[in-house]
1. Given contacts defined as C-alpha pairs under 8 Å and at least six residues apart, what's the relative contact order of chain A, whole-number percent?
2. Taking only protein heavy atoms into account and a 1.4 Å probe, give the accessible area per residue of segment B:1-134 in Å².
3. Give me the net charge of B:Lys98's neighbourhood, meaning all other residues with Cβ under 12 Å from the Cβ of B:Lys98; Lys, Arg count +1, Asp, Glu -1.
4. Between segment B:89-136 and segment A:249-322, what's the alpha-carbon centroid distance in Å?
5. Any residues in segment A:196-235 that have 20 Å² or more less accessible area with all protein chains than in their chain alone, probe 1.4 Å, and which are they?
6. Between the helical axis of A:444-456 and the dominant principal axis of chain A, each derived from Cα atoms, what acute angle in degrees is found, rounded to the nearest 10?
7. Just checking the output field for B:120-131: average partner chain Cβ neighbours within 10 Å of each residue's Cβ?
8. In the neighborhood of A:Ser306, defined by Cβ-to-Cβ distances under 12 Å, what is the net charge if each Lys or Arg adds +1 and each Asp or Glu adds -1?
Amino acid sequence: MPQEYRLILKHADQAGYTPDMECYLRHGGYEALRKALATAPRELPDGKKQSSQEVIRDEVLKSGLRGRGGAGFSCGLKWSFVDRRSGKPIYLICNADESEPGTFKDRQILHKDPHQLIEGMIISCWANDVKLAYIYVRGEFPQAARIINQALKEARSKGFLGKNILGSGVDLEIHLHRGAGAYICGEETGLIESLEGKRPYPRIKPPYFPAVLGLYMCPTIVNNVETLCAVRHIVSMGAAEYAKLGTANNTGTRIISLSGDVQRPGYYEVEVGKATLGELIHHENFGRGLRPGRSIRAIIPGGSSSKVLKAGERFKLKRKGADGQMTTVEVDLLDLPYDFDSLQAAGTMSGSGAIIVLDDTRNPVDVLANVSEFYAHESCGQCTPCREGALWMSKALHRLTHGEGRKSDADYLLHIAQNIQGRTICAFGEAAAWPTLSFVKKFKAEFEARGAADEAGTGPTGSGKPPASH
Amino acid sequence: MSFSIPAPLEAELDELVTRYPQKRSASLMFLHTLQEHFGYVSPEAVEWTAAKLGLAPINVFELVTFYPMFRQEPLGRTHIKVCRTLSCSLAGAADLRKKFCEKLGLDPKAHVPQTTTDGNFTVEFVECLAACGSAPVVLVNDTLWEKVDGTGTDAILSEGKRSETRARSAGMAG
């Protein structure tokens, strides 16, 4: 039976659990940090010696932990790219700019268990020779900012931060930095620019890979809140034990944000890949299905920028059988294991772990119009295809939802989206294009019908009435 | 109105500068702090920040115009931000915003921040507030209201009115 497995959110919702230091210490807080600092250097079978820090980095790599922010990239590999020979300081930034529509998991950690994040950060900083780190919290989380500030103060007073932390001879400081309402700050190089006090225009890669040329042109690690919390548990339980959670290549737990047309929206921490998309939506331990009498029309599986899945779609997945042979199986979208690889095989992504369910009362034209308006508003404006294209798409969808559409708008939307993706400095271009590409391709009849009805004056907001004012 | 920074506020800002290897990094935190104190970011606040951080005023002003949370004029004391993004929209965010506007005598069709003539309330649509599981949500000043329905709407407005009354009597007492 699929059920929650609470590792990171183990205590967060328990009665009486508070975000202060004393409570965290009572629940075994900062023990993982002590364990990390006491890690002995080791010699590998091939005679190569590993420092204590290298042992921790190796553990994180072996745990299979993949970034929980959206890209799902190996955390250990990301750390291994850090330029450690430049002689420049290395910085670490916690990306707490949670802003992918549909996502509300980091919010839980920041508000309810801030010390867990700080402990994960201290361990990660220590393992990567970082002396100065930042938590970039989105501006719309004013209470989280206060809670984090308080937690940082407590950590300083306990000697977990500051000079010579816990007598280790290592100095470390972590500061809070607040964003101010811009989605693009979630993109790591945009975030870095923002932290430098500038407009958050993403940097072009190459050459500005954060691991080499990040904050102040120094090597920089940017990790998501949930990822850094996972590091604490990897150190605590050991990489091998952590890797037993979840499924092959999709280890550990993930906090899924479920919203939209389900009976019980909310956040659910599960072992990665142990529950299917259908179970997360329908099972009594999770979403408990749709409202009575309704059925699924579509699912946005990984935040609003992921490609939509249409009810009834089937996908071919490669599976390893008991005999070790790879076989291909065809599954319905509801039977897709909710992990990084299966969603990718289905042509979309699990992204930030945010599932938005759309039932049969929702019209894909209206849904895409809403999503598209978001991207038009949030484009930073640096690259022409995105700045103009995102707005053109939103305008076309606005007229389609205001009785002034055309049948040709469907193709027009596809044309614009195709000319944004791959032509921008950062992945926002794809984030803006993918919803349009997937919605219009999969629901083309609905888009064309809406436009045709408007041309004939019989659309839902047309019917011969004067055009809606805007 | 002359622009002056009280000493405790300046001390707070000076401390912020020490958190970064480069002064310019403190600009966003400066703007937040100044906006919290003055209610908005005035041209004087921009110039003061620029001088303090060794920047040209445009380096600060371009932040005020880019980041949606910074504002260049005072807004209502109770600032109602209704989330308009998908999950909240599915849960009726458009009707919710309309209800706020109607109850406060604002234009429900206008898509920009609007402030009541008495300066007590501002209503605006904002993008995702990251609380989609309890849609529709509204951020009122620093407080998040979840699953806001008709009762929630009334509660937000009456709480806003109560704080106006408190502020007024405090002002008269002072």
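The values are calculated or read from the model by the stated rules, or taken from the named source; none is laboratory data. Quantities reported herein were computed from a predicted structural model and do not represent experimental measurements. Cβ coordinates were reconstructed from backbone atoms using ideal geometry, including for glycine residues, and neighbour counts include every protein chain displayed. Accessible surface is based on the protein model in full, side chains and every heavy atom, while ligands, DNA and RNA are left aside. Shrake-Rupley method; radii C 1.70, N 1.55, O 1.52, S 1.80 Å.
1. 15
2. On a per-residue basis, 44 Å².
3. Once positives and negatives cancel, what remains is +2.
4. Answer, in whole Å: 31.
5. At a threshold of 20 Å² (probe 1.4 Å), the residues of segment A:196-235 that become less exposed are A:Glu196, A:Gly197, A:Lys198, A:Arg199, A:Pro200, A:Tyr216.
6. Tilt of helix A:444-456: around 40 degrees.
7. Averaged over the peptide's residues, the number is 5.
8. Once positives and negatives cancel, what remains is -1.
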